[in-house]
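**Student:** Let me give you the structure first, and then I'll get to my questions.
The values are calculated or read from the model by the stated rules, or taken from the named source; none is laboratory data. Please read these numbers as outputs of a predicted model, since none were measured by experiment. Please note: Cβ atoms are built from the backbone with ideal geometry, for glycine as well, and neighbour counts cover all protein chains shown. Note: accessible area is taken over every heavy atom of the protein model, side chains too, but ligands, DNA and RNA are not part of it. Shrake-Rupley method; radii C 1.70, N 1.55, O 1.52, S 1.80 Å.
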Amino acid sequence: MKKLVLLFITFNILSNSSAQTIVPKTTTFKFETIYYDAIYKWVVFPKSQADTSYVYGFLYLDMQAGFTFNQEGTFHIDELGKLVSSVKVPFNTISKRLSNTTSNVAVLTAVQLKELGVPGVPLWLKNYKKPIDDAESLTKIGQQLNKVGGNKKALEFLLKAYKKTPHHKGLEYELGYAYNALGQYEKAIEILNAATTFDPKNALLYKEFGYAYLNLHKLVEAEAIYKRGVTIATDKELKNEMAINMINYYYIQKSKDKFEEWKAIIKENASPDSQYIKYIEHFEKEWNTKK
């Protein structure tokens, strides 16, 4: 009887020991964050199946160069699911300017940063991160976001700047650009109408102004705005950009006379091998084919 009791106790101990065994956790990353939503954060980029290590680093905004990823090192995940630093890289040894083709990232947690042995904020950041509360800084950030397609986020910064200094240099153009990119043409017109009233000789404003009217199918207003812009502009590329928008519209409308009128502006300002001349030739070829 004693042997049976002893056997039962031994079995019970072994069973409890087995139940308390630590099961390794599985560490996975969700690469769902657009990089410009992770400014001033530690991030990790996706790796290929062939790679054994992940690349991680800090994402910041250089006001002149744009969004920048500074690689701090690589890590692998051990059998317990912990992040183990493989290689650490000195600051600015490997940095990359980011664009609208950059893949989504995953933001590292405080626990993961501790495992990697890195601080919450890198020491070198103080040389790059400046207060963002003046119209100039807010406009520059909005401009950088517009460049990479982050138009909705750009509005957050641009509207703050607009409340402070409505006619700050370059601000209203960036606002008009962001609104147009988001299809909010009425808001673009409101901003650009005020902008061109304040600064009627700023030809760049008319490009977005006319574009907004064109997308609302207000052809008379669009043409008047673009004609004013073409007259004011000294930059031939800008003239061509405005003219090609009108040409494209009149091609769709099959308005041959108006097509020829705006074609003349392109012919006057574009080089023979430019993309604008190629557009015109394509339109004319299509036009003749359909006859």
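**Student:** Calculate the length of the line joining the C-alpha centroid of the stretch 178-211 to that of the stretch 228-291, in whole Å.
**Tutor:** 21
**Student:** With every protein chain present, what is the per residue accessible area of the chain (1.4 Å probe, Å²)? Intermediate values should be presented prior to the final figure.
**Tutor:** Details: 17110 Å² over 291 residues.
On a per-residue basis, 59 Å².
**Student:** Okay, next question. Normalising by the residue count of the chain, find the relative contact order in percent from Cα pairs under 8 Å and 6+ residues apart. List each step's numbers first, then the result.
**Tutor:** Numbers: 390 pairs, mean separation 27.1, N = 291.
Computed value for the chain: 9 percent relative contact order.
**Student:** Output ³J(HN,Hα) for the stretch 238-248: one whole-Hz value per residue in order, computed from phi by the Karplus curve 6.51 cos²θ - 1.76 cosθ + 1.60 with θ = phi - 60°, and x for Gly and Pro.
**Tutor:** 5, 4, 5, 4, 5, 5, 5, 5, 5, 4, 4
**Student:** Counting other Cβ atoms within 10 Å of each Cβ, which trypsin sites (Lys or Arg not before Pro) in the stretch 225-257 have at most 10 and sit in a DSSP loop? Before the final figure, lay out each step's value.
**Tutor:** On the way: sites: K227, R228, K236, K239, K254, K256; in loops: K254.
Those that pass, being in a loop and sparsely packed, are K254.
**Student:** Cα extents of the stretch 124-282 along the three principal axes, largest first, in whole Å?
**Tutor:** Extents along the principal axes: 57, 32, 26 Å.
**Student:** Report, by chain and number, residues whose modeled amide H sits under 5 Å from the one on A106, excluding near sequence neighbours (fewer than 5 apart, same chain).
**Tutor:** Amide H to amide H, under 5 Å and 5 or more residues apart or across chains, A106 pairs with V44.
**Student:** Hey, another quick one. Can you work out the Karplus-derived ³J(HN,Hα) for every residue in the stretch 84-89? Use 6.51 cos²θ - 1.76 cosθ + 1.60 with θ = phi - 60°, whole Hz, and x for glycine or proline.
**Tutor:** Coupling constants for the stretch 84-89: 10, 5, 9, 9, 10, 10 Hz.
**Student:** Using the Kirkwood formula on the Cα atoms of the chain, what hydrodynamic radius do you get, in angstrom to one decimal?
**Tutor:** Working: mean 1/r = 0.0423 Å⁻¹.
For the chain, inverting the mean 1/r across all distinct Cα pairs yields 23.6 Å.
**Student:** With a cut-off of at most 15 other beta carbons within 10 Å, and DSSP calling the residue loop, which trypsin sites (Lys or Arg not before Pro) in the stretch 147-208 qualify? Please list them. Write out the running numbers ahead of the final one.
**Tutor:** Working: sites: K147, K152, K153, K160, K163, K164, K169, K187, K201, K207; in loops: K169, K201.
For trypsin sites (Lys or Arg not before Pro) across the stretch 147-208 that sit outside H, G, I, E and B with at most 15 neighbouring Cβ atoms in 10 Å, the list reads K169, K201.
**Student:** A further question follows. Could you tell me what percent of the accessible area of the chain is made up of carbon and sulfur, with a 1.4 Å probe and every protein chain present? Please report the intermediate quantities before stating the final value.
**Tutor:** Working: 9390 of 17110 Å².
Taking all protein chains in place, the chain shows 55 percent carbon and sulfur surface.
**Student:** Here's a follow-up. At a 10 angstrom cut-off on C-beta neighbours, averaged per residue, how do the peptides 193-199, 208-214, 44-50 rank from highest to lowest?
**Tutor:** 208-214, 193-199, 44-50
**Student:** Only loop residues by DSSP count here, and only those with at most 14 other Cβ atoms within 10 Å; note down the GluC sites (Glu not before Pro) in the stretch 85-165 that meet that.
**Tutor:** On the way: sites: E115, E136, E156; in loops: none.
Answer by residue number: there is no such site.
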